[in-house]
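This report concerns only the one structure given below.
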Ligand code: PMP
């Protein structure tokens, strides 16, 4: 391992591990450990790309205020990059997201505004609409991961190639979630270009609209779910759902049980969305009759959910365990 010059150079190049103790049927399951990024999630990659793209386009200069709508992880990545580069950071985050994320963001010098989780896109209190309005009214720069091509580019240029190299090209399926769709559109496109037979498997929380849309092309009204960062009530403009070849709808209790099992048996503490991904990956693996090499993500660190999915009392109150 070489010495890095600064924290930003530590973004990406995350380890890949085999999950050998989980029951994966005839398949081998691997996890790309995005929790090892310095900001603790896969979103550090896009934070760096989106800020540097805005700099290169001449949209921002140090001292400016950036604003973003986020489930928290994009915010944490942006707060890290913004602090290093001298930008002020305003985060708009729905109230269902964990307090750990808010404390972490504030500790990094970001300002945090909470908005309602129970309203849909188009409502004035919806987090993305609030962020867009603040940007307009106060002349802040709106990062907007949901429509920002640098989000997809980060995954096409870094996450995808890393997975291909770490698996030495021997990969049959990738299981991922969609929040902004950046991971799907970047990694999915890269892997499909390398090998069109690779299955791109969507793990969608029950209540989200994406699983039904993939299977039928129909839209339903979104419900609610407790996992943070994935599942949608609309299809973001950067999200290429055409890449998905199979999808699973995962209830919260299944996601929570499996993420707690991952910590006990494999010693890796992932966040709630990783539970959804892992549950879908295990379902996919157990359905196969021929051996396959399947990759999924540990999207973020579980330490930002200790008051929730790793808290027995909270889980029991919510009927999750
Ligand atoms: N997992 C977590 C924990 C996240 O915060 C996010 C992003 N909101 C994702 C997965 C989804 O990734 P993407 O935005 O690339 O679809």
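The values are calculated or read from the model by the stated rules, or taken from the named source; none is laboratory data. The structure presented is a predicted model; accordingly, all values stated were derived computationally and were not measured. We place every Cβ from the backbone using ideal geometry, glycine too, and count neighbours over all the protein chains shown.
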Condition broken by residue 206, with the remaining ones in (1) away from the ligand (no atom under 11 Å from the Cβ); (2) closer than 23 Å to residue 75 by Cα; (3) in contact with a helix residue (DSSP H, G or I) (Cβ under 9 Å, 6 or more places away or on another chain); (4) in contact (Cβ under 8 Å) with a residue 40 or more places away in the chain satisfied:
(2)
Failed criterion for residue 208 (all others in (1) under 22 Å from residue 33 (Cβ atoms); (2) buried (at least 23 other Cβ atoms within 10 Å of the Cβ); (3) over 12 Å from the mean Cα position of the chain (by Cα) hold):
(1)
For residue 63, state whether it is at pLDDT 95 or above, closer than 26 Å to residue 156 by Cβ and in a loop (DSSP other than H, G, I, E, B).
no
From the list 40, 31, 12, which one is crowded, with 16+ Cβ neighbours inside 10 Å, farther than 29 Å from residue 141 by Cβ and within 16 Å of the ligand (Cβ to nearest atom)?
31
Filter segment 182-201 for residues that are touching a residue at least 60 places away in the same chain (Cβ under 8 Å) and within 9 Å of the ligand (Cβ to nearest atom); the one that is farthest from residue 297 (Cα to Cα) is 182
Quick one: residue 146 ticks every box in (1) over 30 Å from residue 319 (Cβ atoms); (2) touching a strand residue (DSSP E or B) at 6+ places or on another chain (Cβ under 6 Å); (3) near the ligand (Cβ under 9 Å from one of its atoms) except a single one, so which number is it?
(2)
Tally the residues that are within 14 Å of the ligand (Cβ to nearest atom) and part of a loop (DSSP other than H, G, I, E, B), restricting the search to segment 72-114.
4
Is it the case, given these coordinates, that residue 135 is in contact (Cβ under 8 Å) with a residue 24 or more places away in the chain, touching a strand residue (DSSP E or B) at 6+ places or on another chain (Cβ under 7 Å), within 20 Å of residue 58 (Cα to Cα) and not in a loop (DSSP other than H, G, I, E, B)?
yes
